[in-house]
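The values are calculated or read from the model by the stated rules, or taken from the named source; none is laboratory data. What you see is a predicted model; the values in this text were computed from it and never measured. For neighbour counting, all protein chains shown are included, and Cβ atoms are generated from backbone atoms with ideal geometry for every residue, glycine included.
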Amino acid sequence: MKLIILGPPGAGKGTQAEKIVEKYNVVHISTGDIFRANLKGNTPLGIKAKEYMDKGLLVPDDLTVEMVKDRLAQDDVKANGYMLDGFPRTLAQAGALDQMLSEQSDKLDCALAITVDYKLLTERIVGRRLCKCGASYHVSFNPPAKEGICDKCGAELYQRDDDKEETVVTRLEEYDEKTLPLINYYKDKGILREVNGQKDIAEVTADIYAVLDDYR
Ligand code: ADP
Ligand code: ADP
Ligand code: ZN
């Protein structure tokens, strides 16, 4: 299965991606996670990406596409397929992905869009807490058993630098202007599937499983 997961910041992409991996065993490729790993490691890519990420702006397409190309060339994606989370985010990136796939006579099975009213997103994002193991929580909507500690691995949770209210405004504007057109792009290709992301986390997961079972 090859899919992309689309939706505004805070829609629940990362949360649901964990559940999708559990059931379908696809490789989870999050461009946000890869950028953050580069930031942490102070790599040349990380240094370039930081100035955009700190402001809540999208990293330029050429840097992003190159990074995804490298990732998709690795062996692990060949066995069970993959799920791209946070990529593509512009029409140019979507075109580049189509190009990469068609060079291998391949295509996407599904573009899964999680829809959530913008009004709900800020609260979700500022309450988000993460673990270095990849788990994601929310202080009120999905709290860990012990405050500030990961249920899965016991490590201390942290908040992302760009999950502050000031940055969230810019991130939502970027989404609206540059990423939203992808919904129609994939609708036109006939592979768009939408789920309502405003229900409880477990209900959204069940709806997603009902959709993705079509592609097994
Ligand atoms: P969220 O899941 O909250 O939407 P991400 O972790 O996906 O956030 O992305 C964090 C930041 O990383 C973005 O604000 C942007 O600066 C950068 N980024 C991630 N993916 C892309 C992409 N495909 N194109 C450009 N920038 C990206
Ligand atoms: P994204 O990757 O799309 O930016 P996340 O999966 O990180 O979004 O979710 C953003 C925040 O909202 C997290 O703190 C998460 O625990 C919480 N969250 C995710 N899905 C839901 C939901 N259906 N209802 C309430 N809160 C949710
Ligand atoms: Zn953990």
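Taking only region 48-75 into account, find how many residues are among the polar types (S, T, N, Q) and touching a helix residue (DSSP H, G or I) at 6+ places or on another chain (Cβ under 9 Å).
Residues that pass the stated criteria total 1.
Picking from Asp151, Asp98, Asp188, Asp106, which residue would you name as being more than 16 Å from ligand 3 (Cβ to nearest atom), out of contact with any Ser or Thr (no Cβ under 8 Å at 6 or more places or on another chain), acidic (Asp, Glu) and touching a residue at least 12 places away in the same chain (Cβ under 8 Å)?
Asp106
Criterion first (of a type in the set (Ser, Thr, Tyr), modelled with pLDDT of 95 or more and closer than 26 Å to Glu177 by Cα) does Thr64 satisfy it?
yes
Give Leu192, Leu120 a once-over and let me know the one that is out of contact with any Leu (no Cβ under 7 Å at 6 or more places or on another chain), closer than 22 Å to Thr205 by Cα and crowded, with 17+ Cβ neighbours inside 10 Å.
Result: Leu192 is the single residue among Leu192, Leu120 that is out of contact with any Leu (no Cβ under 7 Å at 6 or more places or on another chain), closer than 22 Å to Thr205 by Cα and crowded, with 17+ Cβ neighbours inside 10 Å.
If you go through region 1-57 one residue at a time, how many are of a type in the set (Ser, Thr, Tyr) and within 16 Å of ligand 3 (Cβ to nearest atom)?
Count: 2.
Of the residues Glu22, Glu18, which single one is among the acidic types (Asp, Glu), in a helix (DSSP H, G or I), over 16 Å from Arg160 (Cβ atoms) and touching a residue at least 40 places away in the same chain (Cβ under 8 Å)?
Of Glu22, Glu18, the one residue that is among the acidic types (Asp, Glu), in a helix (DSSP H, G or I), over 16 Å from Arg160 (Cβ atoms) and touching a residue at least 40 places away in the same chain (Cβ under 8 Å) is Glu18.
Within region 191-202, track down each residue that is free of Cβ contacts under 8 Å to residues at least 60 places away in the same chain and either under 22 Å from Met1 (Cβ atoms) or touching a Lys or Arg at 6+ places or on another chain (Cβ under 9 Å) (or both).
Residue satisfying the conditions is Ala202 alone.
Taking Leu84 and the conditions (1) closer than 20 Å to Lys178 by Cβ; (2) of a type outside the set (Ser, Thr, Tyr); (3) surrounded by fewer than 17 Cβ atoms within 10 Å (Cβ to Cβ), which numbered condition does it fall short on, given that it satisfies the others?
Among (1) closer than 20 Å to Lys178 by Cβ; (2) of a type outside the set (Ser, Thr, Tyr); (3) surrounded by fewer than 17 Cβ atoms within 10 Å (Cβ to Cβ), the lone unmet condition for Leu84 is (3).
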